[in-house]
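Everything on this sheet refers to the single structure shown next.
The values are calculated or read from the model by the stated rules, or taken from the named source; none is laboratory data. Keep in mind that what you see is a predicted model, and the values were worked out from it rather than measured. Virtual Cβ from ideal backbone geometry, glycine too; neighbours counted across all protein chains shown.
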Amino acid sequence: MPRILLLNDTEKPLGELRDALQAGGHEVLVATGTRALLKAVEEQQPDVVIVDVDSPSRDTLEQLALIDRHAPRPVVVFSADADEQLIRAALGAGVTAYIVDGLAPARLAPIIQVALARFEQQSHLRRRLDEVQQKLQDRKLIDQAKGLLMDKRGMGEAEAYAALRRQAMQQNLKLADVARRIIAMAELLG
Amino acid sequence: MTLDKPRRRRVLHVGFVPLIDCAPLVAAVRLGLDGKHGLSLQLHRQASWAAVRDKLLSGELDAVHALAGLVYGVETGIGGPRGELAILMTLNQNGQAIVLSSGLARELERGRPLRELLSALPRMPVLAQTFPTGTHAMWLYCWLAAQGVDPLRDIHGLSMPPPQMPAAMAAGDLDGYCAGEPWSRQAEALGVGKRVVRSGQIWPGHPEKVLACRRQFAALEPETATALTAAVLEACRWLDQSPDHRRQAAQWLAHADIIGLPAGHLAACLLPPADEAPSTCLRFHADGQVNFPWISDGRWFLRQFRRWGWLAGADAVHDDALLAEVHRLASYRAAAQRIGVPLPVENSRSGPPLDDPQRE
């Protein structure tokens with residue numbers, strides 16, 4: 001059963017939500033401010049954080065997501081009113097789920113489950129995207145280095161590529177790193 | 001602009017965070033400048049920058065008072081959602097500060113190097129700013145790095161709502177922070193910390209808060225975007241016209257719906273100090289020098305994001321194409337001409353005097 005951190009730092013009563021989560025068998029931690037939030041995240045490592053849409057601590061959660069990029073936590077936003085557009089934007093945008101006040105307690109557990117699953121999927125997608133972007137970046141560097149070799153050494157394309165590969169193998173470096181060195185050297189030497 | 005023709009004023013919902021530099025938006029409403037330009041601005045106070053961003057992206061808000069860095073953070077999707085935003089104008093320059101706990105500040109003043117002071121602490125130093133990609137994070141990180149402190153490895157950095165910072169410092173949770181006024185003076189008032197540097201000393205004339213909207217809004221409703229820019233630009237000009245105007249603004253900001261602190265306290269933050277160079281102090285207009293959405297300011301933020309490893313690649317052509325979309329120069333120019341604010345010849349200004357090692 002996921003461990004849930006309920007951040008209670010606005011005037012909206014979260015008591016009902018806590019009761020409903022506990023009734024559903026969740027372990028519920030409650031933090032009442034930024035200080036308690038940081039302590040709870042560090043020491044008790046909740047699986048999900050539930051936060052009011054108007055909580056002043058939301059920026060603290062953003063920073064946690066940035067510095068701890070490999071272990072971010074799904075954030076569920078709690079709102080008193082169901083502005084459909086806001087919910088849709090938030091869901092498209094990093095917030096994993098959206099709970100509206102007055103939601104039947106029985107429906108909470110499945111939402112938490114879906115939030116966790118969805119978060120896993122998003123993290124996976126983000127990692128994939130990072131990989132693809134890195135590959136694209138490497139590709140550009142390699143092409144640039146190849147172009148330099150062809151230009152300055154009069155090599156053919158296949159020959160330039162083979163030279164890069166040979167350097168990479170001899171120096172036990174990645175192809176992109178060899179390319180980066182060649183580009184840097186070319187800039188230095190003009 | 002035809003003022004005599006009766007027509008319904010366009011209502012715009014504008015978000016702000018309760019800080020001194022939301023003054024241009026409040027003044028625009030109080031002076032009736034929104035009505036003058038055919039608009040009716042409804043101001044909505046927000047508790048976090050995350051809420052400002054989400055409500056802007058969702059369409060619940062039409063425009064917002066935002067940290068300049070936040071806009072570029074959303075454009076590049078760092079640490080949060082990606083979205084297409086637009087900067088209509090800069091609202092203010094300078095006016096932020098870095099505070100250290102009293103003990104550290106005292107030693108620093110005696111000339112001991114910051115690096116040495118921080119590494120002598122019994123724990124990893126804890127320093128706060130207001131938003132991961134925000135301006136305060138940038139000023140803090142630049143200041144630390146310039147003194148040989150690596151902001152990503154040598155300190156524990158966190159984001160926190162500024163009203164909680166002085167108390168967190170008093171409780172011993174924070175060794176320092178960077179925030180806007182009135183929150184650095186508050187640490188001094190409580191006797192728990194001391195301002196060691198004003199942001200205007202780090203980069204005189206740095207951009208701070210901007211007036212931002214969705215890109216789609218700026219592109220599809222250019223007339224409304226220009227009218228909004230003109231109304232707020234006029235308010236900025238008014239704020240820089242005389243100290244009396246700033247005193248008046250302090251009264252408005254003191255209102256419980258805006259900041260809700262005593263007017264005298266806010267006036268102390270708003271009024272230009274006599275003994276400091278104006279180019280390093282909080283300013284809202286300076287003949288439009290403050291408000292022009294300089295392309296070079298955007299380049300600087302993107303470079304910093306790369307410097308801290310949040311953004312891959314370095315493609316100047318791509319950056320400039322992006323910034324040409326984000327910075328709404330045409331809309332700003334039209335607004336400035338409408339109310340007679342001088343325009344610069346160039347779209348960029350001379351660079352910030354910060355170290356800027358793009359490649360290590």
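Observations, loosely collected:
- Applying the criterion of being modelled with pLDDT under 80 and within 30 Å of B:Phe16 (Cα to Cα) to the residues of region A:12-51, the residue that is farthest from the other protein chains (Cβ to nearest Cβ) is A:Gly15.
- Selection status of B:Leu239, within 19 Å of B:Asp34 (Cα to Cα) and in a helix (DSSP H, G or I): yes
- Residue that is nearest to A:Ala160 (Cα to Cα), among those in region A:136-150 that are aliphatic (A, V, I, L, M) and within 12 Å of chain B (Cβ to nearest Cβ): A:Leu141
- Restricting region B:36-79 to residues that are within 14 Å of chain A (Cβ to nearest Cβ), assigned to a strand (DSSP E or B) and of a type outside the set (A, V, I, L, M), the residue that is farthest from B:Thr133 (Cα to Cα): B:His44
- B:Pro352 falls short on exactly one of the conditions (1) at pLDDT 90 or above; (2) buried (at least 16 other Cβ atoms within 10 Å of the Cβ); (3) not aliphatic (A, V, I, L, M), and that condition is (1).
- Pick from region B:165-181, criterion crowded, with 23+ Cβ neighbours inside 10 Å and within 21 Å of the chain's Cα centre (by Cα), ranking: nearest to the other protein chains (Cβ to nearest Cβ): B:Met165
- Options B:Arg123, B:Arg110; residue that is free of Cβ contacts under 8 Å to residues at least 24 places away in the same chain and away from every other protein chain (no Cβ under 14 Å): B:Arg110
- Within the option set B:Ala249, B:Ala256, B:Ala321, B:Ala312, being touching a residue at least 12 places away in the same chain (Cβ under 8 Å), assigned by TED's automatic domain parsing to the domain that holds B:Ala227 and of a type in the set (Gly, Ala, Ser) holds for one residue only, B:Ala249.
- The single condition among (1) outside any helix (DSSP H, G or I); (2) more than 15 Å from the chain's Cα centre (by Cα); (3) closer than 19 Å to A:Gln63 by Cβ that B:Thr133 does not satisfy is (2).
- Enumeration of residues in region B:304-321 that are crowded, with 18+ Cβ neighbours inside 10 Å and either over 18 Å from A:Gln134 (Cα atoms) or away from every other protein chain (no Cβ under 14 Å) (or both): B:Gln304, B:Arg307, B:Asp319
- Residue that is surrounded by the most Cβ atoms within 10 Å (Cβ to Cβ), among those in region B:108-130 that are part of a loop (DSSP other than H, G, I, E, B) and of a type in the set (Gly, Ala, Ser): B:Ala120
- B:Arg299 more than 20 Å from the chain's Cα centre (by Cα) and either modelled with pLDDT of 95 or more or under 27 Å from A:Glu131 (Cα atoms) (or both): no
- Selected residue (criterion: farthest from the other protein chains (Cβ to nearest Cβ)) from residues of region B:146-162 that are out of contact with any strand residue (DSSP E or B) (no Cβ under 8 Å at 6 or more places or on another chain) and buried (at least 20 other Cβ atoms within 10 Å of the Cβ): B:Val149
- Qualifying residue in region B:147-157 (condition: of a type outside the set (A, V, I, L, M), free of Cβ contacts under 8 Å to residues at least 60 places away in the same chain and either touching a Phe, Trp or Tyr at 6+ places or on another chain (Cβ under 7 Å) or not in a loop (DSSP other than H, G, I, E, B) (or both)): yes
Listed here are the residues, each with its yes/no results for (1) of a type in the set (Asp, Glu); (2) assigned by TED's automatic domain parsing to the domain that holds B:Gly111; (3) over 20 Å from the mean Cα position of the chain (by Cα).
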residue: B:Cys142; (1), (2), (3): no, yes, no
residue: B:Gln147; (1), (2), (3): no, yes, yes
residue: B:Asp150; (1), (2), (3): yes, yes, yes
residue: B:Arg185; (1), (2), (3): no, yes, no
residue: B:Arg195; (1), (2), (3): no, yes, no
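- Taken over region B:266-289, the criterion of being exposed (fewer than 14 other Cβ atoms within 10 Å of the Cβ) and either touching a Lys or Arg at 6+ places or on another chain (Cβ under 6 Å) or under 20 Å from B:Met89 (Cα atoms) (or both) is satisfied by B:Ser279, B:Asp287.
- Test: B:Gly73 is touching a residue at least 60 places away in the same chain (Cβ under 8 Å) and either closer than 21 Å to B:Ala179 by Cα or buried (at least 20 other Cβ atoms within 10 Å of the Cβ) (or both): yes
- So A:Ala20, is it without any contact (Cβ under 8 Å) to a residue 24 or more places away in the chain, surrounded by fewer than 20 Cβ atoms within 10 Å (Cβ to Cβ) and in contact with a Leu (Cβ under 9 Å, 6 or more places away or on another chain): no
- Considering each residue of region B:6-14 in turn, at least one proves to be at pLDDT 95 or above and within 14 Å of chain A (Cβ to nearest Cβ).
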